[in-house]
Amino acid sequence: LKLDIMSFFEQVDHNRVFHFFYSKCACSARSSRILAALCCVPEGKKGSGSSKLVLARGFATSSRLSLWCNLDTFQHLEWKVKKKLKNHDPRIVVYVDDIGITASNVDIIKMLEIKELAIKILQEKDDNQPLPVHTAPQKTKITSFATGAEHLGIKLGRNKLTTGGKTRSRREKIRAELSIIPSGKEKRKLRERSKAHHRYKKQVEGYFL
């Protein structure tokens with residue numbers, strides 16, 4: 001099951017970030033205000049002039065803060081999912097706005113129940129921070145291992161991981177270009193990209209589910 005939270009950074013506003021530093025990290029009110037101000041920008045495009053401050057896209061701190069500011073919701077989601085899928089080896093991974101839930105020996109009906117449960121928790125668990133989920137099929141969908149489930153560009157198999165379709169396609173394109181481009185600066189760049197893809201492949205396949 002793949003879920004995608006809508007405009008995740010924009011959902012986390014200045015007050016939420018302040019609350020995290022002040023209540024969760026026990027910073028002083030003054031320090032919390034300063035830290036929240038450093039991590040947030042006006043909502044919308046650059047120069048929008050919006051009075052609402054939200055987590056900034058592109059800041060190194062935002063991916064971590066978006067998770068930490070909503071940690072209670074994600075922990076509750078994990079607890080409920082593992083309870084509902086007990087004895088089915090449930091796994092859940094959250095990467096910024098992408099959520100993946102896997103289980104063994106469950107039918108589509110059960111996974112549809114988990115989908116509805118997850119959406120309900122994300123949108124209703126915290127009245128001060130609802131997290132709406134994309135409903136478009138390409139954003140929120142259920143896939144079986146038999147048909148080649150992928151998450152975050154990684155193909156999930158039974159007790160193994162491999163690189164996803166897009167990565168494999170790019171690797172094949174680089175190989176094709178290497179075979180026709182003569183020696184020179186461009187070929188050296190392609191060789192470096194090919195080596196990087198190979199290292200990534202080894203890293204991915206070095207992990208076991």
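Quick one: count up the residues across the stretch 154-203 that are open to solvent by 100 Å² or more (accessible area, probe 1.4 Å), among the small types (Gly, Ala, Ser) and modelled with pLDDT of 80 or more. Residues in the stretch 154-203 being open to solvent by 100 Å² or more (accessible area, probe 1.4 Å), among the small types (Gly, Ala, Ser) and modelled with pLDDT of 80 or more: 0 in total. The one condition from (1) open to solvent by less than 80 Å² (accessible area, probe 1.4 Å); (2) touching a Ser or Thr at 6+ places or on another chain (Cβ under 7 Å); (3) not aliphatic (A, V, I, L, M) that Lys125 does not meet is (1). Do the conditions hold for Arg30, that is, is it in contact (Cβ under 8 Å) with a residue 60 or more places away in the chain and open to solvent by 80 Å² or more (accessible area, probe 1.4 Å)? So Arg30 does not fit the description; no.
Checked against (1) surrounded by fewer than 19 Cβ atoms within 10 Å (Cβ to Cβ); (2) modelled with pLDDT of 95 or more, Phe21 passes all but a single condition, namely (1). Taking the criterion of being of a type in the set (Phe, Trp, Tyr) and either modelled with pLDDT under 85 or within 19 Å of Phe9 (Cβ to Cβ) (or both), the residues of the stretch 70-108 that qualify are Phe74, Tyr95.
Only one entry of Asp97, Asp72 meets the criterion of being closer than 11 Å to Leu3 by Cβ and either touching a Pro at 6+ places or on another chain (Cβ under 8 Å) or of a type outside the set (Ser, Thr, Tyr) (or both), and that entry is Asp97. For the stretch 129-150, which positions are surrounded by fewer than 14 Cβ atoms within 10 Å (Cβ to Cβ), modelled with pLDDT of 90 or more and either of a type in the set (Val, Ile, Thr) or under 15 Å from Asp72 (Cα atoms) (or both)? Correct list: Pro130 only. Could you tell me which residue of the stretch 53-111 is nearest to Ile34 (Cα to Cα), considering only residues that are assigned to a helix (DSSP H, G or I), open to solvent by 80 Å² or more (accessible area, probe 1.4 Å) and not charged (D, E, K, R)? Top of the filtered list is Trp68.
The condition (being without any contact (Cβ under 8 Å) to a residue 60 or more places away in the chain, closer than 15 Å to Leu71 by Cα and out of contact with any Pro (no Cβ under 8 Å at 6 or more places or on another chain)) is satisfied by just one residue among Phe8, Phe21: Phe21.
Please verify whether Val41 is more than 15 Å from the chain's Cα centre (by Cα) and either hydrophobic (A, V, I, L, M, F, W, C) or not in a helix (DSSP H, G or I) (or both), treating the condition exactly as stated. Taking the combined requirement at face value, the residue satisfies it.
The values are calculated or read from the model by the stated rules, or taken from the named source; none is laboratory data. These figures come from a predicted structure and were not determined experimentally. Quick reminder, even Gly has a Cβ in these numbers, built from the backbone with ideal geometry, and neighbours come from all protein chains shown. These area figures cover heavy atoms from the full protein model, side chains too; ligands, DNA and RNA do not enter into them. Shrake-Rupley method; radii C 1.70, N 1.55, O 1.52, S 1.80 Å.
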